[in-house]
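Take a look at the structure below.
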Amino acid sequence: MITAAGNGASVLDLQTLLIASGMVVAICGTSFVINTVFGRNDPPGRLWSAAFIAGILTTISFAIWGAEPSAWWAIVLGNASLVLAMGCVWAGSRLFNGRSSRFVFVIGGSAVAAAAATIDSPEGGDWAGGFVFLLGVSVFSALAGVESLRGRMRRNLNARILATLMLVVGAYYGARAVVFLLASPESDLFREAFGTEITTFFTILFVIVASTSMSILRAERSSARPSRPLEQANWNGILPDAMFSTPAADRIRRANRHGERVAFIGAEIDNMADMNIAFGRTFGDDTIESFSSILQDHLPPTAIIGRRAGAQFACVVMADDLEQAQDIVERVRVALIDEPVEKSTGIRLAVSWGVVMVEPGEPDIAALTAEVRGLVKAAQQAGGNRIAGSSASTW
């Protein structure tokens, strides 16, 4: 399995590389498929699982051909399977983005690759139908890369990693196809730049990164609650910014007429940008939705709640004084501890708060918003996950 190079260094021979590649494909693929069957069995996951199964079939087919060169059908099966694998990645990505899979094109491309290899066999040897095979892998890989930069996936860090990987694979196999056509697979250029050894190393890297990225994407998609448009009017009872000011001012005026006190509360989820980077925008959207639901459940039923921008919220609640307003916020903070964003990870939100008691008179929502925003910033600068009151004290 180990051969000696001219300078005395030991290098892996082709057989060892192929065995290592086969083991990586088998382990990563089997793990992904088992997780899909027994865990997150959704349509994109099923197609991505099919891609790994096709990849395993490709490895087995080429191994059979290596052991028995007369088994020309193994090349046909291997070529068709790899084209099918890349096509399934593309089709699964389309489903992830809420689009049709266009799986018929994947089947068609795989069938064309099989037909080309069959026509060239057995005289074509290792590279029977090689150009069509390389071109098919390149096209579907590039399509998968482009699809991963569209729709829902474009906001996700792991999808961007997958996109970069698929685009690199598409470019690599496209270059192999061009050199195959212009210089032949027996040329020095093809052997040195696009030979089996280099491609095998490339395959190992591809499978490890792709399986990791797709596993995280599938987990995020499955753990997400049914999506609702965050900017829709009265979404989950939370008013969008454009619709918050008027009812908030009206509530304050009516409370003043009845001699009741009102607290204006601002809140912002801490480290939202970091969470988007670490876990993806999908997780960030779920975080905002979770916080909105907790506000709805634990603020008084007379409260008016608005989502001002991003992870910033404002609330108008009835409270006799600052201490009572603080107690209301504390109930929400307890709920944030009791209710993690995602139960499997146990991640809980840290939120900074600003509380202002509204003085009697004509309400100025813009001024109140600016005041609580300053208090929220003060709470964040003090370490975050705190309450800052109108007297600039913190708890």
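Summary of computed values
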quantity	calculated
All positions within the stretch 252-294 that are among the charged types (D, E, K, R) and either under 19 Å from Gln312 (Cα atoms) or buried (at least 20 other Cβ atoms within 10 Å of the Cβ) (or both)	Glu268, Asp270, Asp274, Arg281, Asp285, Asp286, Glu289
Options Ala378, Ala350, Ala382: the member that is touching an Asp or Glu at 6+ places or on another chain (Cβ under 7 Å) and more than 13 Å from Phe264 (Cβ to Cβ)	Ala350
Qualifying residue in the stretch 288-299 (condition: in the same structural domain as Gly354 (by TED's automatic domain parsing), more than 33 Å from the chain's Cα centre (by Cα) and at pLDDT 90 or above)	no
Selected residue [of a type outside the set (A, V, I, L, M), surrounded by fewer than 16 Cβ atoms within 10 Å (Cβ to Cβ), in the same structural domain as Leu77 (by TED's automatic domain parsing) and farther than 14 Å from Trp90 by Cα] from Arg191, Arg176	Arg191
Conditions (1) without any contact (Cβ under 8 Å) to a residue 24 or more places away in the chain; (2) part of a helix (DSSP H, G or I); number of the one not met by Pro301	(2)
Members of the stretch 95-134 that are surrounded by fewer than 24 Cβ atoms within 10 Å (Cβ to Cβ) and over 27 Å from Ala71 (Cβ atoms)	Leu95, Asn97, Gly98, Arg99, Ser100, Ser101, Arg102, Phe103, Val104, Phe105
Of all residues in the stretch 294-345 being out of contact with any Phe, Trp or Tyr (no Cβ under 9 Å at 6 or more places or on another chain) and among the acidic types (Asp, Glu), the one that is nearest to Gly389 (Cα to Cα)	Glu323
Among the residues listed as Arg152, Arg99, the single one being in the same structural domain as Phe52 (by TED's automatic domain parsing), in a helix (DSSP H, G or I) and not small (Gly, Ala, Ser)	Arg152
Qualifying residue in the stretch 198-211 (condition: of a type outside the set (S, T, N, Q), farther than 22 Å from Cys28 by Cα and either in the same structural domain as Ala113 (by TED's automatic domain parsing) or touching a residue at least 60 places away in the same chain (Cβ under 8 Å) (or both))	no
Restricting the stretch 133-149 to residues that are assigned to a helix (DSSP H, G or I) and hydroxyl-bearing (Ser, Thr, Tyr), the residue that is farthest from the chain's Cα centre (by Cα)	Ser138
Failed condition for Gly374, given (1) surrounded by fewer than 22 Cβ atoms within 10 Å (Cβ to Cβ); (2) over 34 Å from the mean Cα position of the chain (by Cα); (3) modelled with pLDDT of 90 or more; (4) not basic (Lys, Arg)	(2)
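The rows are residues; the columns are (1) part of a helix (DSSP H, G or I); (2) without any contact (Cβ under 8 Å) to a residue 40 or more places away in the chain; (3) in contact with a helix residue (DSSP H, G or I) (Cβ under 6 Å, 6 or more places away or on another chain); (4) over 30 Å from Met214 (Cα atoms).
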| residue | (1), (2), (3), (4) |
| --- | --- |
| Gly66 | yes, no, no, yes |
| Ala91 | yes, no, yes, no |
| Gly108 | yes, yes, no, no |
| Glu123 | no, yes, no, yes |
| Phe131 | yes, no, yes, no |
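The values are calculated or read from the model by the stated rules, or taken from the named source; none is laboratory data. Everything numeric here is computed off the predicted structure, so don't read it as measured data. Note: ideal-geometry Cβ built from the backbone for every residue, glycine included; neighbour counts use all protein chains shown.
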